[in-house]
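Below is one structure; the comments refer to it alone.
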Amino acid sequence: MNTVRQFLLLLLTLGLFSVTSCKLFEAPIDAATAYENKQYAVASKLLIEEYNKESDLIKKSNIAYKIGESFRMTNNTKNAETWYAKALDYSTEPAVFFKYGLMLKANGKYKEAIVNFREYALSNPIDAVRATKERQACQQALEWEKEPTDYKILPLQGLNSTASDYAPVLYVDNQLVFTSDRSESMGEDEFGWTGNKYSDLFVANLLNEVTYDLPVQFGDSINTAFNEGVVSFTSDYSTIYFTACGSPHEKDDFCQIYVTTKGEGGKWKVPVQVVLFEADTINVGHPYITPNGKELYFAADAPDSYGDKDIYMSSITPEGLWSYPKNLGPEINTEGYEGFPYIGTDGRLYFASNGHYGMGGLDLYRADREKKGWTNIQNLKAPINSSADDFGIVFFPYIEPEMMDKVEAMGYLSSARNGGKGADDIYKFVLEIPEEPPVVIIDTIPPTPVIPKEPIYVLEGKVFQKILANPDDPNSGVIRRDPIPNAVVEVLGLSANSRIGKRLVTDETGFFSLEVEKETDYKVRASSAGFLAASVNASTKGKTGSPGETVKTYVEITLDRVFIQKSVTLQNIYYDLDKWDIREDAKPALNQVATVMLENPTIVVEMGSHTDSRGKNPYNLELSQKRAESAVDYLTSKGIERNRLIARGYGETQLTNGCDDSATCSEEEHQANRRTTFKVVSNKYRGGSAGF
């Protein structure tokens with residue numbers, strides 16, 4: 001998916017700097033500049049030229065990986081798969097192999113992806129859980145494809161283009177308003193990220209059930225030379241909310257929601273920004289206004305988000321202002337991406353996510369509304385969902401009287417699935433009412449066989465946080481543990497035939513419970529906003545019980561708080577004098593770092609290295625830099641993306657004791673200074689996640 005969504009991602013990956021600082025509007029002079037500035041459409045072409053000229057096989061592999069990344073970030077998954085495969089010929093980094101598997105999955109090659117993830121898990125046991133989760137998702141997708149739901153998906157005629165067309169919304173007089181970056185969009189510039197025009201709003205008239213006439217620009221004051229899209233109307237169509245990103249001014253470059261109303265003659269007035277957060281450095285988009293105009297749902301990357309982007313809701317106050325946004329909570333929002341909220345005609349919340357268990361890319365989900373919030377998250381399965389991005393669903397508000405006996409529901413959705421005309425296309429979906437089977441009268445009813453009961457296996461546990469002696473010092477001692485309410489717990493069955501892949505939320509006491517399978521190993525992962533996720537193993541193997549008896553397995557998970565820009569000294573990572581090789585006794589501690597980073601894919605870490613005071617300062621700085629780089633190289637060999645690691649040599653500038661050049665110290669005291677530190681410098685890494 002492209003345009004407005006991708007534009008937001010660009011802002012996020014660059015630390016929410018302005019568009020001007022991202023050089024979006026400057027023509028890159030070489031492949032490196034284009035790639036660095038996230039102009040992926042341009043970068044892929046220039047990098048292919050470099051690849052064809054390069055003779056060194058290792059360098060060719062590195063270039064192929066960047067080409068694959070460029071295609072992945074423009075949602076060209078087929079080309080991304082091809083170039084990751086080329087990179088694999090000589091690459092030594094497991095991350096390339098894993099991303100190749102993700103592209104196989106995104107392209108619907110589930111069987112090949114299953115083999116890929118199984119091999120990855122065997123060769124990278126430290127990251128086996130992530131691979132198992134992806135393998136299980138592929139197996140589930142195959143089952144959903146084999147037994148699809150009763151929905152029918154129909155392509156629309158006359159509406160879609162070779163560009164991205166998405167986020168349809170019903171409008172007056174059988175018209176459809178949608179977002180597109182087709183060549184007819186305003187402005188002369190190409191969006192460097194996608195290679196297409198900047199996105200605008202378009203409108204088209206319905207001619208028959210699946211055919212529209214030629215779309216035209218929507219609104220006389222809404223579209224600009226930058227990105228606009230993803231709209232919502234009030235029930236009388238007199239007010240429009242929409243997302244806009246980018247401008248010629250640095251201060252206005254974050255995505256925001258705008259609103260305007262119709263004036264005299266039915267023309268739209270000049271839009272104004274909807275103020276939702278106190279800070280203007282938060283990207284906000286994908287508005288959905290409820291029919292009564294009292295609630296506004298949207299997606300944002302606010303500080304209290306659980307991950308990439310979360311769905312929020314604001315209510316209108318008696319003064320006519322919007323209340324401070326409320327996060328919909330961990331039941332809906334994940335560490336991944338959630339967006340495109342919509343309240344269906346059945347009162348359920350529909351949204352897109354790549355964080356819940358799905359078929360690949362973004363999937364569409366629904367949730368039921370209860371007093372405590374939104375619950376019972378359900379994947380809409382195939383054919384509503386596919387291996388590609390599926391999002392932006394909207395239902396018809398009513399069914400025509402002559403169709404009510406035949407059709408239960410219908411509407412539109414957006415998808416990048418195979419068979420479309422462009423990058424994203426708009427499809428119609430129809431759920432027909434199945435015919436009732438004939439009644440068969442049976443004279444005698446056979447007795448129901450008695451099936452012996454088996455034991456019921458239940459996994460229970462609690463999630464805790466460490467309370468430190470000094471809350472601001474990650475190196476201070478732990479004084480107690482407190483439970484964490486509303487923590488997210490993911491339970492994954494590791495056995496080959498397991499179908500357990502569940503996401504739970506702890507209660508007020510940090511407690512969770514789930515019925516599981518017998519004779520199965522499990523990985524139980526807990527996460528909560530502001531904490532580093534962690535996992536433990538659990539198993540029902542060898543556990544037995546009487547028929548109907550409940551057999552319980554109990555686990556506890558304790559989470560560490562995330563400290564940004566604060567160093568934690570890693571124990572048992574030392575170096576021999578004047579050496580920078582990773583010693584065998586250091587590998588277990590570095591493996592633990594790799595596990596933490598794999599459990600927390602959004603953190604960026606600085607590996608700091610320190611020397612003792614012996615030797616000259618320039619030499620010690622160089623030596624410590626080599627040691628830090630050795631630690632980074634080791635972590636990349638365990639599947640950590642190099643972009644998430646920073647090597648920093650401090651030399652003797654941060655001694656832990658008084659053993660400077662003027663002191664006489666023992667070898668043990670000098671050894672204490674030859675250490676490695678771990679520092680989280682950011683928890684907003686979004687390498688490859690979707691944007692607005």
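So, of the residues in the stretch 665-691 that are at pLDDT 90 or above and farther than 11 Å from Val605 by Cβ, which turns out to be surrounded by the most Cβ atoms within 10 Å (Cβ to Cβ)?
Checking each candidate, the answer is Cys665.
Within the stretch 583-593, is even one residue assigned by TED's automatic domain parsing to the domain that holds Ile646, crowded, with 17+ Cβ neighbours inside 10 Å and within 24 Å of the chain's Cα centre (by Cα)?
yes
Examine the stretch 357-379 for a residue that is under 23 Å from Cys245 (Cβ atoms) and either small (Gly, Ala, Ser) or part of a loop (DSSP other than H, G, I, E, B) (or both), and state whether such a residue exists.
Scanning the stretch 357-379 turns up at least one residue that is under 23 Å from Cys245 (Cβ atoms) and either small (Gly, Ala, Ser) or part of a loop (DSSP other than H, G, I, E, B) (or both).
Does Lys502 satisfy being more than 27 Å from Asn354 (Cα to Cα) and either in contact with a helix residue (DSSP H, G or I) (Cβ under 6 Å, 6 or more places away or on another chain) or outside the structural domain of Val605 (by TED's automatic domain parsing) (or both)?
no
Evaluate the following for Thr544: is it in contact (Cβ under 8 Å) with a residue 60 or more places away in the chain, in a loop (DSSP other than H, G, I, E, B) and either assigned by TED's automatic domain parsing to the domain that holds Gly355 or out of contact with any Leu (no Cβ under 8 Å at 6 or more places or on another chain) (or both)?
yes
So which pairs qualify, if the first residue must be in the stretch 293-308 and touching a residue at least 40 places away in the same chain (Cβ under 8 Å) and part of a loop (DSSP other than H, G, I, E, B), the second must be of a type in the set (Gly, Ala, Ser) and buried (at least 16 other Cβ atoms within 10 Å of the Cβ), the Cβ gap must be under 7 Å, and the two must be at least 6 apart or on different chains?
Pairs found: Asp304/Ala529; Tyr306/Ala529; Gly307/Gly336; Gly307/Gly355; Asp308/Gly336; Asp308/Ser689.
Please work out which residue is farthest from Val593 (Cα to Cα), limiting yourself to the stretch 652-685 and to residues that are among the β-branched types (Val, Ile, Thr) and not in a loop (DSSP other than H, G, I, E, B).
Val681
Report, by residue number, each residue of the stretch 399-423 that is touching an Asp or Glu at 6+ places or on another chain (Cβ under 8 Å), over 16 Å from Glu209 (Cβ atoms) and modelled with pLDDT under 85.
Gly422
Mind telling me which of the residues Glu81, Glu69, Glu49, Glu134 ends up being over 22 Å from the mean Cα position of the chain (by Cα) and assigned to a helix (DSSP H, G or I)?
Result of the check over Glu81, Glu69, Glu49, Glu134: Glu49.
Out of everything in the stretch 108-131 that is outside any helix (DSSP H, G or I) and modelled with pLDDT of 95 or more, what residue ends up being surrounded by the fewest Cβ atoms within 10 Å (Cβ to Cβ)?
By that ranking, first place goes to Lys109.
Could you tell me which residue of the stretch 309-348 is surrounded by the fewest Cβ atoms within 10 Å (Cβ to Cβ), considering only residues that are among the charged types (D, E, K, R) and not in a strand (DSSP E or B)?
Glu319
Could you list, in sequence order, the residues of the stretch 72-86 that are within 27 Å of Val632 (Cα to Cα), modelled with pLDDT of 95 or more and buried (at least 17 other Cβ atoms within 10 Å of the Cβ)?
Scanning the stretch 72-86 gives Ala80, Glu81, Trp83, Tyr84, Lys86.
Just name the residue that is modelled with the lowest pLDDT out of those in the stretch 611-651 that are part of a strand (DSSP E or B), small (Gly, Ala, Ser) and more than 29 Å from the chain's Cα centre (by Cα).
Gly651
Evaluate the following for Ala300: is it in contact with a strand residue (DSSP E or B) (Cβ under 6 Å, 6 or more places away or on another chain) and of a type in the set (A, V, I, L, M)?
yes
Among the residues of the stretch 553-565 satisfying the criterion of being surrounded by 14 or more Cβ atoms within 10 Å (Cβ to Cβ) and not acidic (Asp, Glu), which is nearest to Ala469 (Cα to Cα)?
Arg561
The values are calculated or read from the model by the stated rules, or taken from the named source; none is laboratory data. Please read these numbers as outputs of a predicted model, since none were measured by experiment. Cβ atoms come from the backbone with ideal geometry, glycine included; neighbour counts cover every protein chain shown.
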